[in-house]
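Chemist: Questions regarding the structure given below will be posed in turn.
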Amino acid sequence: MNFILKYKGDQQPDLEKLTEVLTVHHARIMDDSLLPHSALLNVEESFVNKLQLDLEGEWDIYPEHTYKIPTTKKSI
Amino acid sequence: MADFLTQLLKTKDLKLKQDVEVKVLDSIDTDGAKLIQINPVQLPDFKFNYPGLRIIPEKFYHKAVCQRKRISAKVKSTQAVLPITITINDPQQKPIQNITVVVFTDFAMSRGASGITDKNGSVKLILDKDNAERIYIYADHSYWGSFQENVKLTSNLKFTLQPVKTDYTDSLRYFYDTGNWPRLKQKIRVGIIDTGVGPHKDLHVSGGKNLVKGEDENNYEDNGEGHGTHVAGIIAASGGINGVAAGVQIMSYRVFPKDKGASNFDIMKAIAQAISDKCDLINMSLGEAEDDEGLTSYIKDAYNEGILCFAANGNDSRSAVSFPAAYSLCVAISAMGRIGTFPEEAVEESAVQEPFGTDNSNFIADFSNIGLETDLTAPGVGIISTYPNDYYAIMDGTSMACPAATGMAARLLSHMPEFYEMQRNQDRSVEMLKFLARNITPLGFGANFEGKGMLCYNNELHSKI
């Protein structure tokens, strides 16, 4: 499952430390275009709580959502 | 009176105007959140007077008692008793292909059948009754849709669709005389986060990016659904039709893969790109029910860089305002319409519902989401705008109301004297909101439906610019 990683701090994040923690939890960065502040991550859902703990509060983790185009058309 | 939790970002700066009665009921520490009491009617004034404050309705949680099960079965196909052929023609009796026909024999139960017309303009449907409660006919482009009630079903039925004429006065042009307004000469840039924009002869796209994973980042034309092109035309079309802010620079940030939802991460990337491209306004005609903290942080980043985000309230028939519109740093837009600005028997007739405004031809569209997070209303029923490959289409929704408001905001801000000198920071966003607040007219729907009202130049409906 995909999750969004968002850095909480004001200083530059320690990406080396981040990479180490992600590796331990078999998490894979799917999209690094917003690094160093955010990234799209693929990780097994059951690992997320432990991953969050090991990131020591420096990063938030949110699930990837999808947004729809609001439609007004009726359907059966 | 309603209670609201207010996170005072600059508590000491809060000096309430005498005409807005606000009572502080409780507080978490001196500089923390406040529980306030305010008349909902005055809430829009309060929000526009103190932009940047996070105002959250007080919520009450209930014990997690298991609810009784409710039956909500929707029968989608039943025993077939009546095969019918429906043919759709234009006024010259020429058949029209690719028209969607939806026939409800029981609207409440969502029972009926639907299909798309073939090259002969015909679609065969099998129904369970000989009477249709409602028939909806939708064209992707070039024609108005049709709405029929209580139709006796026979083996062959024919309907005629009216073609879209670009000089027709729809609800957008009733309020905003876009055909006679001058092109914007001042540079102002609007980012459109959507399905992509164009190609269309009435649209000039200044730049953009495709943020969808796995797609060519340089292809930010419309993905074929037409939604983003319609949104862009409402803001910036110039030629066959005119948008509200013809002459404005538009940037296309494509986040929707064709016929799929958009990832919040791709929307975050789009906002980051809009910040990097120094947009002044961002239009987001999209939404979901749940809050999304990832997206929130990027909308806040945009706000802190002097960029205002406009978002559609959503089309869930009077449900709560969708996210991101419900986020306090977004400008949330509901959709209104006007009787007489669409042909008889058009689909738009089905959107007419209370409340009616001070002028009782104006109404809040039946599909529009509502709530006290609403900041503004704008025309969103039966809107004529651009569709890919030089077509014109009619669309309805808060998706259309949102760019009407964004475009009008762009036009108004181009007249704001200090706009071009201000640093790109949070203060710029605050000043932009305060300036816009001086150009809003209430239409008499009430704050829950229209927020503070509709953007109008010098508070005059039918703005003469």
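No lab work stands behind these numbers, since they all come straight from the coordinates. This one's a predicted model, so the numbers in the text were calculated from it and none came from an experiment. We place every Cβ from the backbone using ideal geometry, glycine too, and count neighbours over all the protein chains shown.
Chemist: Only Lys, Arg, Asp and Glu count, each charged at its Cβ (+1, +1, -1, -1), so figure out the dipole size of the protein assembly as shown about its Cα centre, rounded to 20 debye.
Modeler: Rounded to the nearest 20 debye, it is 1000 debye.
Chemist: How large is the dipole of region B:171-459 about the Cα centre if only Lys and Arg carry +1 and Asp and Glu carry -1, each at its Cβ, rounded to the nearest 20 debye?
Modeler: The calculation lands at about 1020 debye.
Chemist: Quick check on my link table: of A:Lys74/B:Lys209; A:Lys73/B:Lys260; A:Lys68/B:Lys213, which ones sit more than 26 Å apart, alpha carbon to alpha carbon?
Modeler: Over 26 Å Cα-Cα: A:Lys74/B:Lys209.
Chemist: Using the Kirkwood radius built from alpha carbon pairs, what does the Stokes-Einstein equation give as D for region A:2-63 at 10 °C and 1.306 mPa s, in µm² per second?
Modeler: Result for D is 140 µm²/s.
Chemist: Can you give the extra length, in nm with one decimal, that the chain gains between B:Thr85 and B:Lys23 once fully stretched, where that is 0.36 nm per residue apart less the Cα-Cα distance?
Modeler: Using 0.36 nm per residue and subtracting the Cα-Cα distance, I get 16.0 nm.
Chemist: Now for a separate question. Nearest 20 debye, what's the magnitude of the dipole of region A:2-63 about its Cα centre given +1 on Lys and Arg Cβ and -1 on Asp and Glu Cβ?
Modeler: Here the size comes out at about 120 debye.
Chemist: Calculate one ³J(HN,Hα) per residue across region B:224-241 by plugging θ = phi - 60° into the Karplus curve 6.51 cos²θ - 1.76 cosθ + 1.60, and present them in order as whole Hz with x for glycine and proline.
Modeler: These are the phi-based 3J(HN,Hα) values: x, 7, x, 4, x, 5, 5, 4, 4, x, 4, 7, 10, 4, 8, x, x, 10 Hz.
Chemist: With θ set to phi - 60°, apply the Karplus curve 6.51 cos²θ - 1.76 cosθ + 1.60 along region B:299-314 and write out the HN-Hα couplings as whole Hz, x wherever there is a Gly or Pro.
Modeler: 5, 5, 4, 4, 4, 6, 9, x, 10, 9, 9, 9, 9, 6, 4, x
Chemist: Between region A:1-64 and region B:258-331, what is the separation of their alpha carbon centroids in Å?
Modeler: So the two Cα centres are separated by 22 Å.
Chemist: Can you give the angle from 0 to 90° between the axis of helix B:426-437 and the longest principal axis of chain B, with both taken from C-alpha atoms, to the nearest 10?
Modeler: 60
Chemist: Convert each backbone phi in region B:276-284 into a coupling constant with the Karplus relation 6.51 cos²θ - 1.76 cosθ + 1.60 (shift: θ = phi - 60°), then list the ³J(HN,Hα) values in order as whole Hz, x for Gly and Pro.
Modeler: With coefficients 6.51, -1.76 and 1.60, one gets 4, 7, 6, 5, 9, 9, 10, 9, 10 Hz.
Chemist: Let me ask something else about it. Projected onto the charge dipole of chain B (+1 at Lys/Arg Cβ, -1 at Asp/Glu Cβ, origin at the Cα centre), which of B:Asn210, B:Thr296, B:Phe175 gives the Cα projection farthest towards the positive end?
Modeler: B:Thr296
Chemist: What angle, in degrees between 0 and 90 and rounded to the nearest 10, separates the Cα long axis of helix A:15-24 from the longest principal axis of the Cα atoms of chain A?
Modeler: 80
Chemist: Next question. List the residues whose amide H sits under 5 Å from the amide H of B:Ser317, counting only those 5 or more places along or on another chain, with H placed 1.01 Å from N in the peptide plane.
Modeler: Under 5 Å from the amide H of B:Ser317 lie the amide H atoms of B:Ser368, B:Asn369, each far enough along the sequence or on another chain.
Chemist: So, counting K/R as plus one and D/E as minus one, what does the shell of residues with Cβ under 13 Å around B:Ser276 add up to?
Modeler: In short, +2.
Chemist: Using alpha-carbon pairs under 8 Å, 6+ residues apart, how would you state the relative contact order of chain B in percent?
Modeler: Once divided by the residue count of chain B, the mean separation gives 14 percent.
Chemist: Compute the normalised compactness of chain B: alpha-carbon radius of gyration over 2.2 N^0.38 Å, N being the residue count.
Modeler: Here the Cα radius of gyration is 1.01 times the empirical estimate.
Chemist: Could you pull out every residue, at least 5 positions away or on a different chain, whose amide H is within less than 5 Å of the one on B:Val331? Hs are placed 1.01 Å off N in the peptide plane, and Pro or chain starts have none.
Modeler: B:Cys309, B:Phe310, B:Ala311
Chemist: Note down the net charge around A:Thr72, summing +1 for each Lys or Arg and -1 for each Asp or Glu among other residues with Cβ under 12 Å from its Cβ.
Modeler: -2
Chemist: Could you work out how far apart the two model spin labels at B:Ile339 and B:Glu293 are, taking each label as a point 7 Å from the Cα in the direction of the beta carbon, and quote it in nm?
Modeler: Placing both labels 7 Å along Cα→Cβ, they lie 4.8 nm apart.
Chemist: Then there is this: How big is the Cα convex hull of the protein assembly as shown in projection, averaged over all directions, in nm²?
Modeler: That works out to 27.8 nm².
Chemist: A further question follows. Quick one: angle between helix B:398-413 and the longest Cα principal axis of chain B, in degrees between 0 and 90, rounded to 10, please.
Modeler: Between the helix axis and the principal axis of chain B, the angle is about 40 degrees.
Chemist: In chain B, if the dipole is taken from +1 on Lys/Arg beta carbons and -1 on Asp/Glu beta carbons about the Cα centre, which of B:Thr87, B:Ala326, B:Thr105 is farthest to the positive end?
Modeler: Selected residue: B:Thr105.
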